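Worksheet: the structure to be examined is printed underneath.
Where a number appears in this text, it was derived from the coordinates with a stated rule and is not lab data. Just so it is clear, the model here is predicted, and its values are computed rather than measured. Positions of Cβ are generated from backbone atoms using ideal geometry, with glycine treated the same way; all protein chains shown enter the neighbour counts.
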Amino acid sequence: MTKFTKLAAAATLSLAASAASANTIVDIAAGDERFSTLVAAVTAAGLVETLQGPGPFTVYAPVNDAFAALPEGTVETLLKPENKGQLTNVLLYHVDDRELMAKDFPQGSNYFKPVLASERLCITAGDGVMIADGTGSMANVVIADIQAENGVIHVIDKVLLPGTRPACH
C-alpha cells in the first residue's frame, strides 16, 4: 500500500465515521469510494471543516480517474505539506459559494467565479454541462445535482486547473 493510498484510506475512514449523523458535501464524498482521492486532498488542504460548514456550496467533484489522469506524480506532489497552498488553490477552483443546480446554468457559455477569486470557469450548458478551466481543457459533468444539506455536488471527469481565463464567448 502506497503512502497516498494509506492517506486516502485513513481520510475516508475518519470522515465516513462522521457521515452517520450528517449529509454535507464532505460526508457524501467520504461515503463514495469514487471520491477517495478528492477526500484525501480536501483533508490534506485542511478544507474539511469549511466544506462541512453551512454553505451554500456547489462543488465540481472530480472522480478518482480524473486525478489519475494528471501527469504522474502530480497528486503526490500536491499532497505534500509544503504544497498545501497550491493544493488549496486547486481545490477552491472546484467550489462556488452558491448552490447551482444544473438547471441554473444558462444555455450557452458563461463565466462563473469559483471561490478562488482571481480565477474564472467557463460553463457551457446545452445537451449537458461542460466546464472549461484555466488550461482550456474541458470537464464534463457526468452526474449532476447530488443534493447535500449544505449545497450540491456535480461529478466531473477532469480535475479543473487554474491558469489563464478560458475563452468563453
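A few notes on this one:
- Reported value for the range 123-169: 89 Å³ per residue, from the convex hull of its C-alpha atoms.
- Using Cβ point charges alone (K and R +1, D and E -1), the dipole size of the chain about the Cα centre works out to roughly 340 debye.
- Taking amide hydrogens as placed 1.01 Å from N in the peptide plane, the amide H of ASN150 sits under 5 Å from those of ILE25, each at least 5 positions away in sequence or on another chain.
- The Rg/Rh ratio for the range 83-138 is 0.99, where Rg is the radius of gyration of the alpha carbons and Rh is the Kirkwood radius.
- Cα-based equivalent ellipsoid, the chain: semi-axes from gyration tensor eigenvalues, Å: 24, 19, 14
- Cβ-placed point charges (K, R +1; D, E -1), dipole of the range 81-147 about Cα centre in debye, nearest 20: 100 debye
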